[in-house]
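**Q** Submitted below is the structure of interest, expressed as structure tokens.
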Amino acid sequence: MKKLFFVFVFLAFACGSDDDNNNEETSFILVGTWAGTITEPGYDSEGQVELVLNSDSTGTLIVIWEMDTETSSFSWSSTDTQINLNFDSEPDEPEILYYFVIDQDTMLVSEDEEGDDEFPTMYRQ
């Protein structure tokens with residue numbers, strides 16, 4: 001359940017990366033440290049998430065849930081609407097995060113392209 005939720009949060013976000021994707025157009029928006037609050041559907045608990053997207057296409061995801069902290073490393077690429085994550089621990093199971101940029105310091109993120117799921121708000125740190 002934690003794995004599924006972890007993936008959902010940024011994280012669950014599932015498709016292979018496309019070498020033709022151009023990070024140049026969206027890197028200026030995405031590169032940096034993003035943080036937000038997440039909730040698990042059906043439960044009254046909150047967690048904190050930090051997504052670090054480095055300019056060299058590497059990154060780190062940190063999820064703090066109650067007393068548990070999970071840290072994962074990944075490589076990433078992007079398009080105008082999605083971030084493709086290839087986690088080091090599961091390189092054959094890439095994940096996709098769909099995002100919507102509010103402004104240079106705020107974006108909404110979801111695992112669902114249509115936006116049927118809740119979009120956690122992420123803020124540039």
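Values in this text are rule-based calculations from the coordinates and carry no lab data. Since the structure is predicted, the reported quantities are computational estimates derived from the model, not experimental observations. Positions of Cβ are backbone-derived with ideal geometry, glycine not excepted, and every protein chain shown enters the neighbour counts.
**Q** Using modelled amide H (1.01 Å from N, peptide plane; none on Pro or chain starts), what sits under 5 Å from the amide H of THR79, excluding residues fewer than 5 places away?
**A** Residues meeting the amide H criterion: ASN84.
**Q** Sort 55-67, 75-87 by packing, meaning the average of other beta carbons within 10 Å per residue, with the highest value first.
**A** 75-87, 55-67
**Q** Right, here's the next one. So, in nm, how far is label ASP56 from label ASP88 when the simple model puts each one 7 Å beyond its Cα toward the Cβ?
**A** 1.2 nm
**Q** Given axes a ≥ b ≥ c from the Cα gyration tensor, I'd like to know whether region 43-124 is rounded (a/c under 1.5), prolate (a/b larger than b/c) or oblate.
**A** Values: a/c = 1.40, a/b = 1.02, b/c = 1.37.
It is rounded, given that a/c, with a ≥ b ≥ c, falls under 1.5.
**Q** Follow-up question, since we're still on this one. Given points 7 Å out from each Cα along the Cα-Cβ axis, report the SER73 to GLN125 separation in nanometres with one decimal.
**A** Reported label-point gap for SER73 and GLN125 is 1.8 nm.
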